[in-house]
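Any read-out appearing in this document is the output of simple, stated calculations on the displayed coordinates, not a laboratory observation. Because the structure is a prediction, the values reported are computed rather than measured. Ideal geometry is used to build each Cβ from the backbone, glycine not excepted, and the neighbour counts take in all protein chains shown.
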Amino acid sequence: MSKLLEGKKGLILGVANKRSIAWSIAQSAAREGAELAFTYQGERLKENVEGLAATVNSKHILPCDVTQESQVEDVFQKLDAAWGGLDFIAHCVAFAKSEDLEGGYTKTKKDGFDTALGVSAYSFTLLAQKAAPLMEKRGGGSMVTLTYLGGERVMPGYNIMGVAKAALENSVKYLAYDLGPKNIRVNAISAGPINTLAARGISNFTDMLKIVREKAPLRRNTEPDEVGDTAAFLFSQLSRGITGEVIYVDCGYNILAI
């Protein structure tokens, strides 16, 4: 029986360690037969990413700071030279200054605002610009990013990241419209809170986990591999009619009014 992503080639951005949601996405994609490339930001993360990438036989581990357009450009030039095209990308990159995740949103400074929006939202648009020509060579492709319910509703302590995710979700819609004629689909996965290294920087995060576990229809928290499997579906032909959407993988918590 053939695998969902047999013969597909994809880029995963945002792996930091084995608990990263990006790594769960990579594992699901690799299990379904995809050949993967990875990026890392800074020498501190290089060893971690290289070690994990080796377990899925990846031959392409590239440095990439998404705030530096030249580095982003270099990644896609190298993948084009190696693969001659690209089938999917997973954008799992977000950042906000710690001081902007404490207290109230009203004290957000301009540099913090610019940083969070630039890294967490604009970077996806930049990646789409650079990835689209490679996907056209393959007859189309799929772009997936990660968002959170705090981009739609107030989640105390999420602050500037909520504003960044709102911008990201609307970017998904506009990118989907622009790239649809090229058979390139663009979607977001809105995952429930998951205990990752990045999530620990959000104040009251343990309370968020507890509330979801108690109130979500499935009465539990989201597992990382559930997000990974959803991404694999969105990369595959099974989701060929889906674009511009936010897919919730949060045990149903988003449907509640309480």
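Just to confirm the number: angle between the C-alpha axis of helix 21-31 and the first principal axis of the chain, 0 to 90 degrees, nearest 10?
30 degrees
Residue by residue, what Karplus-based ³J(HN,Hα) values in Hz, rounded to whole numbers, does the stretch 243-254 have, using 6.51, -1.76 and 1.60 with θ = phi - 60° and x for Gly and Pro?
Karplus-based 3J(HN,Hα) across the stretch 243-254 equals 7, x, 10, 9, 9, 8, 10, 9, 6, x, 4, 5 Hz.
Please give the contour-minus-distance gain from Lys59 to Asn254: 0.36 nm per residue of separation, less the Cα-Cα distance, rounded to one decimal in nm.
66.4 nm
What aspartates and glutamates sit close enough to Lys215 to cross-link, taking a C-alpha to C-alpha distance under 18 Å and skipping anything fewer than 8 places away on the same chain?
List returned: Asp207, Glu223, Asp250.
What percent do you get for the relative contact order of the stretch 9-255 when only Cα pairs under 8 Å and 6+ apart count?
It comes to 21 percent, rounded to a whole number.
Quote the FRET efficiency, to the nearest 0.05, computed for Met1 versus Arg153 with a Förster distance R0 of 35 Å and r equal to the Cβ-Cβ distance.
Computed FRET efficiency for Met1 and Arg153 comes out at 0.25.
Take Arg185, Arg19 and order them by how many other Cβ atoms sit within 10 Å, fewest up front.
Arg19, Arg185
Would you mind checking which residues have amide H under 5 Å from Arg185's amide H? H placed 1.01 Å from N; only 5 or more apart, or other chain.
HN-HN under 5 Å from Arg185: Gly141, Ser142, Met143.
Helix 205-215 versus the longest principal axis of the chain: what is the Cα-based angle in degrees, 0 to 90, to the nearest 10?
The angle comes out at about 90 degrees.
Once you place label points 7 Å from the Cα toward the Cβ at Asn195 and Arg240, how far apart are they in nm?
Roughly 4.1 nm, to one decimal.
Please go through the residue pairs Lys9/Lys130; Lys18/Lys173; Lys8/Lys46; Lys8/Lys173; Lys107/Lys165; Lys107/Lys130 and name each one whose alpha carbons sit more than 27 Å apart in this structure.
Pairs exceeding the cut-off: Lys18/Lys173; Lys107/Lys130.
Please compute the length gained on full extension between Gln129 and Arg19, using 0.36 nm multiplied by the number of residues separating them and subtracting their Cα-Cα distance.
36.7 nm
Report, in deg cm²/dmol and to the nearest 500, the calculated mean residue ellipticity at 222 nm for the chain, where each DSSP H run with n ≥ 4 adds -39500 (n - 2.57) and the sum is divided by the residue count.
-13000 deg cm²/dmol
Quick one: if you stick a label point 7 Å off each Cα along the C-beta vector at Glu50 and Thr206, how many nm between them?
3.6 nm
Residue-wise, which Karplus ³J(HN,Hα) couplings in Hz belong to the stretch 127-132, taking 6.51 cos²θ - 1.76 cosθ + 1.60, θ = phi - 60°, and x for glycine or proline?
Along the stretch 127-132, the couplings run 4, 4, 4, 7, 7, 4 Hz.
What are the equivalent ellipsoid semi-axes of the stretch 9-255, built from the alpha-carbon gyration tensor (square roots of five times its eigenvalues), in whole angstrom, biggest first?
Square roots of five times the eigenvalues give 27, 20, 18 Å.
Using the crude model of +1 on Lys and Arg Cβ and -1 on Asp and Glu Cβ, and no other charge, please compute the dipole size for the stretch 9-255 relative to its Cα centre, in debye to 20.
Using Cβ point charges on Lys, Arg, Asp and Glu, the stretch 9-255 gives about 360 debye.
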